């Protein structure tokens with residue numbers, strides 16, 4: 001997909017990867033609707049983008065962790081710029097540790113990291129099928145292909161996000177709907193920087209030990225290139241594919257290696 005002249009929606013866009021995606025899509029010539037719980041943040045982003053090209057961006061405060069939030073977002077975006085060409089379900093949370101994680105944190109994790117994707121698809125797919133085209137992208141994580149040491153909710157929900165994206169591609173790929181799934185490792189975002197908070201569920205030492213930490217704009221560059229090529233996996237850290245191949249080649253060996261890594265990280 002070429003992005004010039006397209007209508008793109010990005011969730012979780014008040015900072016980090018979402019902000020960088022919105023800027024990059026806009027630079028490619030797209031009209032952008034940016035949404036986040038942080039309404040002031042996306043309003044500021046939209047203001048910056050509109051200063052570059054008038055009436056080309058809109059910031060909407062919305063809770064995509066609810067079905068109504070997704071419906072409102074999609075309806076408002078379509079009323080503003082017409083049919084949505086690309087929907088990027090980027091909003092995500094990292095919280096909780098093990099089986100004793102609070103039930104409210106489990107619920108929030110599934111609502112934002114998984115259910116938000118299916119709620120968006122519920123209101124997008126019928127129109128895309130009628131048009132014969134549409135593009136759904138989601139941000140999962142390398143943890144959705146491998147696993148997240150230290151956080152059961154994050155690992156489980158990111159696996160589910162990848163699975164839903166796969167299902168969409170399998171089910172609708174021959175009907176004109178394209179699907180991509182972003183699976184980075186470490187990215188310099190607020191979520192990563194909060195990772196040493198015991199409630200955050202993600203250890204920065206683990207993420208940094210796994211490889212290079214990229215800047216959000218570097219991730220956005222890879223996203224645009226992958227969307228242009230219409231490939232499923234978006235891997236800003238290409239080594240993730242090697243890790244995935246090792247995992248599927250010998251599951252028991254991979255699990256043993258992850259246990260050793262966990263022990264080393266715990267000792268830090």
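The values are calculated or read from the model by the stated rules, or taken from the named source; none is laboratory data. In this text the structure is predicted, and so the values were computed from the model without any measurement. No Cβ is skipped: glycine too gets one built from the backbone with ideal geometry, and neighbour counts run over all protein chains shown.
Tabulated results
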quantity: Residue 244 surrounded by 14 or more Cβ atoms within 10 Å (Cβ to Cβ), at pLDDT 85 or above and under 30 Å from residue 29 (Cβ atoms); calculated: no
quantity: Residue in region 49-68 that is nearest to residue 24 (Cα to Cα), counting only those that are part of a helix (DSSP H, G or I) and touching a residue at least 12 places away in the same chain (Cβ under 8 Å); calculated: 49
quantity: Some residue of region 40-58 being surrounded by 21 or more Cβ atoms within 10 Å (Cβ to Cβ), under 17 Å from the mean Cα position of the chain (by Cα) and either at positive phi or modelled with pLDDT of 95 or more (or both); calculated: yes
quantity: Search result, residues across region 236-268 that are under 27 Å from the mean Cα position of the chain (by Cα) and in contact (Cβ under 8 Å) with a residue 60 or more places away in the chain; calculated: 237, 240, 243, 244, 247, 258, 261, 262, 265
quantity: Scope region 177-204; condition modelled with pLDDT of 85 or more and surrounded by fewer than 20 Cβ atoms within 10 Å (Cβ to Cβ); matching residues; calculated: 188
quantity: Test: residue in region 3-18 that is surrounded by fewer than 17 Cβ atoms within 10 Å (Cβ to Cβ) and at pLDDT 95 or above; calculated: yes
quantity: Among (1) under 20 Å from residue 20 (Cα atoms); (2) crowded, with 21+ Cβ neighbours inside 10 Å; (3) modelled with pLDDT under 95, the one test that residue 207 misses; calculated: (1)
quantity: Residue within region 250-268 that is surrounded by 12 or more Cβ atoms within 10 Å (Cβ to Cβ), on the phi > 0 side of the Ramachandran plot, at pLDDT below 95 and outside any strand (DSSP E or B) present; calculated: no
quantity: Filter pass, residue 222 being in a helix (DSSP H, G or I) and either loosely packed, with under 11 Cβ neighbours inside 10 Å or without any contact (Cβ under 8 Å) to a residue 40 or more places away in the chain (or both); calculated: yes
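Per-residue answers, yes or no, for (1) in contact with a helix residue (DSSP H, G or I) (Cβ under 6 Å, 6 or more places away or on another chain); (2) under 17 Å from residue 90 (Cα atoms); (3) touching a residue at least 24 places away in the same chain (Cβ under 8 Å); (4) not in a strand (DSSP E or B):
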| residue | (1), (2), (3), (4) |
| --- | --- |
| 2 | no, no, yes, yes |
| 8 | yes, yes, yes, no |
| 17 | yes, yes, yes, yes |
| 23 | no, yes, yes, yes |
| 26 | yes, yes, yes, yes |
| 33 | yes, yes, yes, no |
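So that you can scan it fast, the table gives a plain yes or no per residue for (1) closer than 17 Å to residue 12 by Cβ; (2) in contact with a helix residue (DSSP H, G or I) (Cβ under 6 Å, 6 or more places away or on another chain):
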residue: 103; (1), (2): no, no
residue: 120; (1), (2): yes, yes
residue: 142; (1), (2): no, yes
residue: 179; (1), (2): no, yes
